[in-house]
Amino acid sequence: MRGMINWFAHNSVAANLLMLMIIAGGILATGSVREEVFPEIELDMINIEVPYLGAAPEEVEEAVNVRIEEQIQGIDGIKEIQSTATEGMGVVMVELQLGADTRRVVDEVKSNIDAITTFPLETEKPIIREMTNTMQVVDIAVSGNVDPFTLKQVTDQVRDELTAIPEITQVKVASAPPYEISIEVSEVALRRHGLTFDQVANAVRQSSLDLPGGSVRTERGEILLRTIGQAYRGAEYEDLVLWTRADGSRLRLGDVATVVDGFEETDQYARFDVAPTMMVSVFRTGEQSALELAALSHEYVANAQARLPEGITLTIWQDSAKMLSQRLSLMLRNGLLGFLLVFVVLALFLELRLAVWVSLGIPISFFGAIALMPGLDVSVNVLSMFGFVLVLGIVVDDAIIVGENIYRHQEEHGDGMRASVEGGYEIAKPVVFAVLTTVAAFSPLLFVPGMMGKIFKVIPLVVIPCLLFSLVECLQILPAHLAHIPKRKRPGPWRRFQSLFSNGLKRFIREVYQPFLEIALRWRYLTAAVGVATMVITIGLVASGRPVFRFFPNIEADFMAASVTMPQGTPVDTTSDAVEKLEAGAARLRQALLEQTGEDYFLHVSAAVGDQPMAQRGGGPMGPSGGIASANIGEVVIELLP
């Protein structure tokens, strides 16, 4: 250890190169580190959905869920099976055991479900997928008091324009019913023309399609023939010919049926600030930056509003990247404040240039940890930012201890090089063990099993590199810098001002701390007894439950949600009435606060019928990733002022 400290102290160029390499590595790594709101993890869960339209929950449970459970329960690697039966949909969630081969289990589940032959004929093909925590970055509310067709067209336009932005790849539309063309055949008309329902269905099936017609070779090349007959609009379906007589008369579909060009009948719809709305959600995938996606979405909304039809507005809703941006700002503010406080305190009690070099330990340690983040597969997210904030007050301690000890040696004999070597070596062993014990304290988080372990391992993967780079900085880089600080022969104005603080600290140590320490050492058994008693009292308080334990603290949020769940089978109109009452209550509260304070505390109010989007996202990345549309649920969400 002494040889290493001595070599770096005498080779300041090597120390400076090491410092520049660490800083350059951190700066270069910032361009390749992912930016996401929450760390992307595998959830070790499989989701199975089987649509059974028109069936009651009891029918879905008996005909779908129970048969799926019986078929997959014996598969190796499955820990728990949870099933939910709602009107028209059966959902089975499969939780896997720790260490199970997810790909193998998914394949076995698919093959076993495909082997089920007793599903009712009315069920659709099972949808089986591995659960992932694809994180929504921002929602864009497309709202306005216009007809549903116009609103749907604008929503699709917004989705297509967002997808056309090269940096945005995954965009989904929510709270929007899919298009549907329904053909309502008249029984009287069928009898009048001597037709059956199957004949009409077959005629539509055979007429509404595009057919290749082969090819024709010519002198100038080959011409491909194709019959274009696919119908896409209601009027086109009305013109489909059912039969043609020898006299040329025709019977069209519109003569025997009513064609409705509209939307699929669903129990889901939403309102935003009382106006009908459809949501467009932007998601982060791969190496995309959540902050960049949010910025592009904000820019798009600002530019697209001018070219939308009158009465339709675009509003940013639930911008989750704001949380990451706030955490980044917090880290930068705390880092800068910590740097300044360390510098000021050291400048008041020690040498000014020593304060500068010791304070640089904070950014050097952080840059070193950032340089390793791509290799450790750690992204910039709310948890890694928490790790940086957590370690901020620890990394500079080593440099302060080493720097102060070198300064003490320098004051004794005035030789900067000798002081750096002797002072650094003298304190090296306790500093190394202090860092290693802190590393050991954070290391168990690397080995926590399950989903929580995947999430919380981000913290030690940030804290431990910071601590190790702080050790490199204080034992290799710092002695080289402090070796060249000359001892001042005449105290200048700053030194005389500084002596007021340093002499006061020395007086406190000499007159207060040293006598107290001597008494504590003289009465060592009493001192030890006080320490043991404090530990016993602490253990007793924890065991009694006096300090309330919460895994996550309850904090004030910017969103307030009220959800309603009616009994199964409740008509959607009844649920809608309940949601409207919640909206009316929110409006009364908003008006009351406005009259009392003169300020509007509500930014936006979103209402959903047939869905509970905020409740589903409330579980975060460990909660459900998607909900089941049901006529008996609803929700009202209020975005408050920050």
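The values are calculated or read from the model by the stated rules, or taken from the named source; none is laboratory data. These numbers come from a predicted model, not from an experiment. Virtual Cβ from ideal backbone geometry, glycine too; neighbours counted across all protein chains shown. These accessible areas exclude ligands, DNA and RNA; they are computed on the full protein's heavy atoms, side chains included. Shrake-Rupley method; radii C 1.70, N 1.55, O 1.52, S 1.80 Å.
Among the residues of region 451-458, are any among the β-branched types (Val, Ile, Thr), closer than 27 Å to Val380 by Cα and touching a helix residue (DSSP H, G or I) at 6+ places or on another chain (Cβ under 6 Å)? There is at least one residue in region 451-458 that is among the β-branched types (Val, Ile, Thr), closer than 27 Å to Val380 by Cα and touching a helix residue (DSSP H, G or I) at 6+ places or on another chain (Cβ under 6 Å). For Phe149, the conditions (1) assigned to a loop (DSSP other than H, G, I, E, B); (2) among the hydrophobic types (A, V, I, L, M, F, W, C); (3) open to solvent by 70 Å² or more (accessible area, probe 1.4 Å) are fulfilled apart from (1).
Please find, among Leu346, Leu324, the residue that is open to solvent by less than 20 Å² (accessible area, probe 1.4 Å), in a helix (DSSP H, G or I) and within 30 Å of Glu161 (Cα to Cα).
Numbers: Leu346 fails: within 30 Å of Glu161 (Cα to Cα).
Criteria check complete, one pass: Leu324.
Of all residues in region 167-178, those that are within 21 Å of Ser143 (Cβ to Cβ) have Cβ atoms under 9 Å from Cβ atoms of residues that are of a type in the set (Lys, Arg) and open to solvent by 40 Å² or more (accessible area, probe 1.4 Å), 6 or more apart or on another chain, in Val171/Arg159; Lys172/Arg159; Val173/Arg159. For region 506-534, the tally of residues that are under 48 Å from the mean Cα position of the chain (by Cα) and either under 30 Å from Val344 (Cα atoms) or open to solvent by 90 Å² or more (accessible area, probe 1.4 Å) (or both) stands at 0.
Against the numbered list (1) closer than 30 Å to Asp377 by Cα; (2) open to solvent by 90 Å² or more (accessible area, probe 1.4 Å), Ile464 comes up short only at (2).
Residue by residue, here is whether (1) touching a strand residue (DSSP E or B) at 6+ places or on another chain (Cβ under 6 Å); (2) closer than 17 Å to Glu167 by Cα; (3) in contact (Cβ under 8 Å) with a residue 12 or more places away in the chain; (4) open to solvent by 50 Å² or more (accessible area, probe 1.4 Å) holds:
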position	(1), (2), (3), (4)
Glu264	yes, no, yes, yes
Arg333	no, no, no, yes
Leu336	no, no, no, yes
Phe339	no, no, yes, yes
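Against the conditions (1) in a strand (DSSP E or B); (2) surrounded by fewer than 18 Cβ atoms within 10 Å (Cβ to Cβ); (3) more than 23 Å from the chain's Cα centre (by Cα), Arg129 satisfies every one except (3).
The residue pairs whose first member lies in region 288-311 and is over 26 Å from Met135 (Cα atoms), whose second member is of a type in the set (Gly, Ala, Ser), and whose beta carbons are closer than 7 Å, counting only pairs six or more residues apart or on different chains, are Gly311/Gly144. Scanning region 601-618 for residues that are at pLDDT 90 or above and either open to solvent by 50 Å² or more (accessible area, probe 1.4 Å) or at positive phi (or both) yields Tyr601, Leu603.
In this structure, does Gly375 turn out to be without any contact (Cβ under 8 Å) to a residue 12 or more places away in the chain and closer than 16 Å to Glu35 by Cα? Yes: the conditions hold for Gly375.
From Ile116, Ile46, Ile75, which residue is touching a residue at least 24 places away in the same chain (Cβ under 8 Å), assigned to a loop (DSSP other than H, G, I, E, B) and touching an Asp or Glu at 6+ places or on another chain (Cβ under 7 Å)?
One residue alone meets the criteria, Ile75.
Would you call Val60 in a strand (DSSP E or B), at pLDDT 90 or above and open to solvent by less than 50 Å² (accessible area, probe 1.4 Å)? Here the answer is no, as Val60 does not meet what is asked. For region 589-605, a residue qualifies if it is among the polar types (S, T, N, Q) and closer than 14 Å to Leu641 by Cα, and exactly one does: Thr597.
Hey, does region 240-258 have a residue that's in a loop (DSSP other than H, G, I, E, B) and surrounded by 10 or more Cβ atoms within 10 Å (Cβ to Cβ)? Steps first, answer last, please.
Initial filter on region 240-258 (in a loop (DSSP other than H, G, I, E, B)): 240, 245-249.
Going one step further and asking which of them are surrounded by 10 or more Cβ atoms within 10 Å (Cβ to Cβ), we end up with 240.
The answer is yes; a qualifying residue exists.
Applying the condition of being surrounded by 14 or more Cβ atoms within 10 Å (Cβ to Cβ) and more than 19 Å from Tyr237 (Cα to Cα) to region 173-197 and asking which residue is modelled with the highest pLDDT yields Val173.
Looking only at region 381-396, count how many residues are in contact with a Gly (Cβ under 9 Å, 6 or more places away or on another chain) and surrounded by fewer than 24 Cβ atoms within 10 Å (Cβ to Cβ). Explain how you work it out, then say what you get.
Filtering region 381-396 down to residues in contact with a Gly (Cβ under 9 Å, 6 or more places away or on another chain) leaves 388-389, 392-393, 395-396.
Next cut, surrounded by fewer than 24 Cβ atoms within 10 Å (Cβ to Cβ) only: 389, 392-393.
Number satisfying all stated conditions: 3.
Yes/no per residue for (1) closer than 30 Å to Ser297 by Cα; (2) of a type in the set (A, V, I, L, M); (3) in contact (Cβ under 8 Å) with a residue 12 or more places away in the chain:
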{"residue": "Arg67", "(1), (2), (3)": "no, no, yes"}
{"residue": "Val91", "(1), (2), (3)": "no, yes, yes"}
{"residue": "Glu108", "(1), (2), (3)": "no, no, yes"}
{"residue": "Thr134", "(1), (2), (3)": "yes, no, yes"}
{"residue": "Val137", "(1), (2), (3)": "yes, yes, yes"}
{"residue": "Leu151", "(1), (2), (3)": "yes, yes, yes"}
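Every condition in (1) in a strand (DSSP E or B); (2) modelled with pLDDT under 85; (3) open to solvent by 40 Å² or more (accessible area, probe 1.4 Å) is met by Thr134 except one, and the failing one is (1). Contact map, region 183-205: residues that are among the polar types (S, T, N, Q) paired with residues that are part of a helix (DSSP H, G or I) and crowded, with 16+ Cβ neighbours inside 10 Å, Cβ distance under 9 Å, separation 6+ or inter-chain. Pairs shown: Ser186/Val256; Thr196/Leu190; Gln199/Leu190. Which residues, taken from region 535-557, are closer than 30 Å to Glu639 by Cβ, open to solvent by less than 100 Å² (accessible area, probe 1.4 Å) and modelled with pLDDT of 75 or more? Once the filter is applied, which keeps residues that are closer than 30 Å to Glu639 by Cβ, open to solvent by less than 100 Å² (accessible area, probe 1.4 Å) and modelled with pLDDT of 75 or more, region 535-557 yields only Ala557.
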